[in-house]
Structures are given as C-alpha cells and as structure tokens.
Amino acid sequence: MPTKTPVKPTVKDEKSKAKSAKEETRPVKSSGKDKEKEKSKVKEKDRPAKAAREDSGSRAALRAVRAEREESGTRAAARAAREEASNRFAIKAVSANLKSPFPAAELAKWRQRLSQRRAEISQDIGALEKDAMEAEDGHTTPNHIAERGSDADLQEVSLGCAADEKDLLWQIDRALRKIDDHRPIPFGLCEHSHEAIPLKRLEVLPWTPLSIEGATFMEDNRLTIEDLLIDD
C-alpha cells in the first residue's frame, strides 16, 4: 500500500498561522460604551464609601456648630451674670447715698398708717381663707348640683382675693423696711427713677414702689413690677 507523503506547509501558510496567533494574543480594545460601563461600576462601588464620608463630615460639622453654640451660650451667660452683678453693685452704691424726702417725724406717721393697713389686710386674708375652707367643707352637704357649683365658685373667688391681699401685704412689709432700715431704698423714692414719689400718689398708695413715671415705663415695656424692683 503506497504511503502518503506529508504536505510541506508553504510560506503563505506560515504567515497566516502567525497572523492568527498574533490576533489571538492581541488585547481586545474596549468600545466607548464599555468604558462608560466600567466607570459606572467603579462609581457604584465607591458610592457607599463616599456617602459614609459625607455623612461623617456632616456629623462632624454639626458637632462643631453645636459646640460653638454651647460655648457662645456659656460666654453670654457669664457676661450676663457679670453685668447683673455689676448693676446690683451700682444700684446698692447709689441706694446708699439716697435719702428719704420725709423727715423722721413724717416717716413715723407713714409707718403708723402702713401698720394699721397691714393689720386690716391680715384680718381680711384670714376671713377669706375661712370662707374658702367653709365652701370646701360644704361640698359634702348640698344635694343639688347648682349648690355644689356655687360653693366651688365661692371658694375660687375667696382664694383669689386672698392671694391678691397677700401680694399687697408683701408690698406693705417692703415699705415698712424702707422706713425702718432704709432698704432696699429709702421710703418715698421711686425704685425706677430714684426720684421722690409725688405726695398725692403716696396718699392713695403709701406702699407703692413706683412713681407715675416708673409705672408708665413698666406698662409701656410690658414689664411686671418685680422687673423694676431693687433686690432687697
């Protein structure tokens, strides 16, 4: 049987094989779309880390702002405390140099008048509180709902009037200290302007701590009387 003679590759075949091998080993060029996809994937992977960095930065910024506000508030409170202490010292210094517009004999008369009014108010307070207690005890006896309601109204009115009278009693005690101890300011002087209170006003309200000027200032600025009183 005749044997086949192997075919010897030609130069052309060798070049063709080399070209194919070269093309197989050549890296595949990515298209524009492929590059965009790769960038998008990288961004997606980096997004959580970026968000975490931004969130951490925001929290740090908030902490810094909060700390700055707290420090600012502390400084403001300290300044306010220093100013208040300075104002109190200045007021006390001024008060020490003030004198009552009334001589000792007139002050004795004012003291007697205030003491008499104080005794009257104390009696009124006792009577009002007694009425309130009796109205409270009466809640168990009346059967009609209208009677129970009347008792409750009476108790509320009595307690309210007693509270008002106690405020007035406090002002009278304060006026008596002004006569006896000249504190926090001598009797007859306005605690707002440090000027003498007109006699006509004192005749009506001998315990008043304010002149018409001081009372007008209080009303115009929507203050309470405690806002203008000098610390005792």
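Each value in this text was obtained by applying a stated rule to the coordinates, not by laboratory testing. Here the structure is a predicted model, which is why all the values come from computation and not from measurement. We place every Cβ from the backbone using ideal geometry, glycine too, and count neighbours over all the protein chains shown.
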How long are the semi-axes of the equivalent ellipsoid of region 158-208, defined as square roots of 5 times the Cα gyration tensor eigenvalues? Whole Å, largest first. 22, 13, 9
Find, among the trypsin sites (Lys or Arg not before Pro) in region 160-232, those assigned to loop by DSSP (not H, G, I, E, B) with at most 15 other beta-carbon atoms within 10 angstrom. Arg222
Long-range amide H contacts for Leu189: which residues qualify at under 5 Å (H placed 1.01 Å from N, peptide plane, sequence gap of 5 or more or a different chain)? Ile197
Cut-off is 10 Å between beta-carbons; in what order do Thr216, Thr208, Thr224 appear when sorted fewest neighbours first? Thr224, Thr216, Thr208
Report the Stokes-Einstein translational diffusion coefficient (µm² s⁻¹, integer) for region 182-232, Rh taken as the Kirkwood radius over Cα pairs, at 4 °C with viscosity 1.567 mPa s. 118 µm²/s
